[in-house]
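The numbers here are math on the coordinates, done by the rules we state, and not lab data. What you see is a predicted model, and the numbers here were worked out from it, not measured in a lab. Reconstructed Cβ throughout: ideal geometry from the backbone, glycine too, with neighbour counts over all protein chains shown.
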Amino acid sequence: MLLRRRKTQNGQIGLSLGADFGALAHVEGVTSARPVVRLCEAFIPNSEGSEAALAEALRQRKLEGARCVGVLSAEDYNLLQIEPPAVPEAELRDAVRWQVKDFLDVPVAEAMVDVFSVPDRPRQKPMAYAVAAARRSLLPLAEFAARLRLDCRTIDIPELALRNLVNRMEGAEAGLACLYLGRRRGHIVIVRENSIYLARQISVGCEQLAAGDDTAGSLEALTLDIQRSLDYFESSVSRMPVRRVVVCPLEVPVHNLLATLDRQLAPAVGWLNPHDLLEIEGEIDETELSRCLLAVGAALRVEG
């Protein structure tokens, strides 16, 4: 989204790079009914040997030069809900750049800005999301991909990676809400027919929920965050309520998370199980899969 380059072959690589860990996933058949995850590995950035091991794994699979979709960490960008300016499509990105300049953490000249629109809603004003990131925040991901000899053709955000996963679930055409909890932050997205209708970042992660002194209070605050998002979607975006909320696999288990959400939210609540959506080669445990989830979602990106 924020970075686009030419197309190459050999399936697609998803790559995430955070402060605590990174992840790489190789997916083939992204346009098929059941894509195949050929490689799925989490790693510690800057650790001795991890980069060399990844490069060797890619070399053995003849994936040097494969197209790559990166995904930014939540800390590296701002996501702003806007009413898009009435300009031609070709001018939209530049117009939005100046529209959101007062909300940026860096001078506008040092920012990368992109925009994705929410589908038209009857009798309502147009709505879109602006994504803004400092140019320097994209460099570590792009440079890491280059050292692995990957063609980093796009850098996306977690919300779009989650969209790619949720869109493959039964019921996505009618609307699904998805909760993703990283270690310290999370995301709520509502997806319908391959489009994001609502996206929110939340300032709580699975570490806080699992180890906090007030787990019950944190769970209650999280539930309210989700409920507010569901209420806003129903009242301002769609007259049809979300009927299902899916929770992504957790790196750190949170006691009673699913039971609490299912008890307090109106929609049914269940897990997002990647094995139901994808053919995943090899053995991978829940922790590793949770760390790789955004990379897998990024690799599922379909152009157009």
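The figures follow:
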| read-out | value |
| --- | --- |
| For 188, 196, order by how many other beta-carbon atoms lie within 10 Å, fewest first | 196, 188 |
| Calculated FRET efficiency for the pair residue 203/residue 283, C-beta based, R₀ 25 Å, to 0.05 | 0.15 |
| Normalised alpha carbon radius of gyration of the chain [divisor 2.2 N^0.38 Å] | 0.98 |
| Convex hull projection area averaged over all views, segment 74-135, Cα basis, nm² | 4.5 nm² |
| Which of 293, 258, 198, positive extreme of dipole for segment 192-304 (C-beta unit charges) | 198 |
| Gaussian network model of the chain, springs between alpha carbon atoms under 10 Å - residue of 31, 215, 287 with greatest fluctuation | 31 |
| Length-normalised contact order of the chain in % [C-alpha pairs under 8 Å, at least 6 apart] | 24 percent |
| Sorted by Cβ neighbour density within 10 Å, fewest at the top, the residues 92, 300 | 92, 300 |
| Karplus 3J(HN,Hα) series, Hz, for segment 179-185 with 6.51 cos²θ - 1.76 cosθ + 1.60 (x for Gly, Pro) | 10, 10, 10, x, 5, 10, 9 |
| Taking segment 23-118 and dividing mean pair separation by its residue count, relative contact order in percent (alpha carbons under 8 Å, at least six apart) | 13 percent |
| Ranking of 77, 129, 232 by count of other Cβ atoms within 10 Å, fewest first | 232, 129, 77 |
| Extended-chain gain in nm, criterion 0.36 nm per residue less alpha-carbon gap, residue 276 and residue 87 | 63.9 nm |
| Long-range amide H partners of residue 182 with built H, under 5 Å | 187, 206 |
| Under the span-like rule (Cα at least 20 Å along the axis, Kyte-Doolittle mean at least -0.5), DSSP H helices of the chain | 215-232 |
| Per-pair calculated FRET efficiency, R0 = 41 Å: residue 53 and residue 232 via Cβ, rounded to 0.05 | 0.40 |
| Under-5 Å amide H pairs with residue 150, H placed in peptide plane, nonlocal only | 65 |
| Additional length obtainable on full extension of the chain from residue 256 to residue 123, 0.36 nm per residue less Cα span | 43.8 nm |
| Amide hydrogen neighbours beyond the local backbone of residue 157, cut-off 5 Å, H modeled | 72 |
| Calculated FRET efficiency for the pair residue 303/residue 109, C-beta based, R₀ 30 Å, to 0.05 | 0.55 |
| Length added when fully stretched, residue 95-residue 170, from 0.36 nm per residue minus Cα-Cα | 23.3 nm |
